[in-house]
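Asks: Once you've had a glance at the structure underneath, I'll fire off some questions.
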Number of protein chains: 2
Amino acid sequence: MKEKELRRSLAVLPIGTVMKLTDLSARQIRYYEEQDLITPDRNEGNRRMFSLNDVDRLLEIKDYLADGINMAGIKEIYALQKQRAQQKQADLDKPLTDKDVRRILHDEFLNLGRFQSDKGPNYPTH
Amino acid sequence: MKEKELRRSLAVLPIGTVMKLTDLSARQIRYYEEQDLITPDRNEGNRRMFSLNDVDRLLEIKDYLADGINMAGIKEIYALQKQRAQQKQADLDKPLTDKDVRRILHDEFLNLGRFQSDKGPNYPTH
DNA sequence: TAATTCGTGTGACGTTTTCTGACATGTGTG
DNA sequence: CACACATGTCAGAAAACGTCACACGAATTA
């Protein structure tokens, strides 16, 4: 699936195409870039070039706005998402700590009897 | 999979992008269009707009040319492909004729003993 | 109420991209 | 040699896009 990811992040679309695809005005798209919600590439002639991922994000932004969320809110949403993704990557990179191992074992013990009787131990989950 | 087909045939790429994606010159791309090897859309301003399918085909054309096949040959290849595709569609559309049914039954008979002994009847397949 | 902020529209003006059409060129082929 | 093929190149015009500035209505704040 690495190739598909690459394709989706290839910056190949000019703003005119993106306008049609998203039904947003050039002004809107440029403003969202100004607000760092998207960061399209530039070609040699300084034209913005967008990827399919950019288009997806623009459609998301449109939805958030329609839901009454403002720029600041949307920025926060993406900041949280980014944070979460980075944490996830860090988790994959680093081996488990002793503390993690204990927690996992603990959780497994908690779940041991869970589906054996209707009224199990019912420990609190944390 | 209908959606994917649609995406691949959406004309969203300007010629500049296609040039980079295919490493062909604008002159070459326009010439191949002139030869009816591709038929990109036009936007309201008369600019050519290409789909991913167009890009694929251009890469194919490039390969054929590299193999020493000339325009006429490539045209013929695509004409045959089109013909085959149309026939396939026609087959799907029309019910089987009596002749088809007889042929199919015949083939099935031929295949009946095929995998039962190492040295089967070994009839010619046609 | 007056001032400010937010998200967007609009216009001016300059640069880049693309269009068509014409002519040039190198490489084969009859 | 003359010709066809595939491509390069140039010119002039039109379309698309860039930035910058100003405007505006709705919401917020002083």
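The values are calculated or read from the model by the stated rules, or taken from the named source; none is laboratory data. Please read these numbers as outputs of a predicted model, since none were measured by experiment. No Cβ is skipped: glycine too gets one built from the backbone with ideal geometry, and neighbour counts run over all protein chains shown.
Asks: Identify all residues within segment B:30-59 that are more than 17 Å from the chain's Cα centre (by Cα) and farther than 14 Å from B:Ile74 by Cβ; write none if there are none.
Replies: B:Arg30, B:Asp41, B:Arg42, B:Asn43, B:Glu44, B:Gly45, B:Asn46, B:Arg47, B:Arg48, B:Met49, B:Phe50
Asks: Still on this model: Among the residues of segment A:29-46, write down those that are charged (D, E, K, R) and away from every other protein chain (no Cβ under 14 Å).
Replies: A:Arg30, A:Glu33, A:Glu34, A:Asp36 - these are the residues of segment A:29-46 that are charged (D, E, K, R) and away from every other protein chain (no Cβ under 14 Å).
Asks: Also: How many residues are more than 12 Å from DNA strand D (Cβ to nearest atom) and not polar (S, T, N, Q) when one looks only at segment B:42-55?
Replies: The qualifying residues number 4.
Asks: If you scan segment B:23-72, which residues turn out to be surrounded by fewer than 16 Cβ atoms within 10 Å (Cβ to Cβ) and either part of a strand (DSSP E or B) or among the polar types (S, T, N, Q) (or both)?
Replies: Correct list: B:Ser25, B:Gln35, B:Thr39, B:Asp41, B:Arg42, B:Asn43, B:Asn46, B:Asn53, B:Asn70.
Asks: Restricting attention to segment B:8-28, report how many residues are farther than 10 Å from B:Asp54 by Cα and more than 13 Å from chain A (Cβ to nearest Cβ).
Replies: 6
Asks: Among (1) touching a residue at least 12 places away in the same chain (Cβ under 8 Å); (2) under 19 Å from the mean Cα position of the chain (by Cα), which single condition is B:Glu5 missing?
Replies: For B:Glu5, the failing item is (1).
Asks: Of all the residues that make up segment B:56-83, how many are free of Cβ contacts under 8 Å to residues at least 24 places away in the same chain, farther than 16 Å from B:Arg30 by Cα and away from DNA strand D (no atom under 13 Å from the Cβ)?
Replies: 5
Asks: Going by what's in this entry, would A:Met49 be described as facing chain B (nearest Cβ under 10 Å), touching a Ser or Thr at 6+ places or on another chain (Cβ under 8 Å), within 12 Å of DNA strand C (Cβ to nearest atom) and hydrophobic (A, V, I, L, M, F, W, C)?
Replies: So A:Met49 passes the test.
Asks: Can you find a residue in segment A:5-22 that is of a type outside the set (S, T, N, Q), assigned to a helix (DSSP H, G or I), within 11 Å of DNA strand C (Cβ to nearest atom) and closer than 24 Å to B:Ile15 by Cβ?
Replies: Yes: segment A:5-22 contains one or more residues that are of a type outside the set (S, T, N, Q), assigned to a helix (DSSP H, G or I), within 11 Å of DNA strand C (Cβ to nearest atom) and closer than 24 Å to B:Ile15 by Cβ.
Asks: Shifting gears a bit: Run B:Gly68 past the list (1) modelled with pLDDT under 95; (2) at negative phi and report the number of the one that doesn't hold.
Replies: The single condition B:Gly68 does not satisfy is (2).
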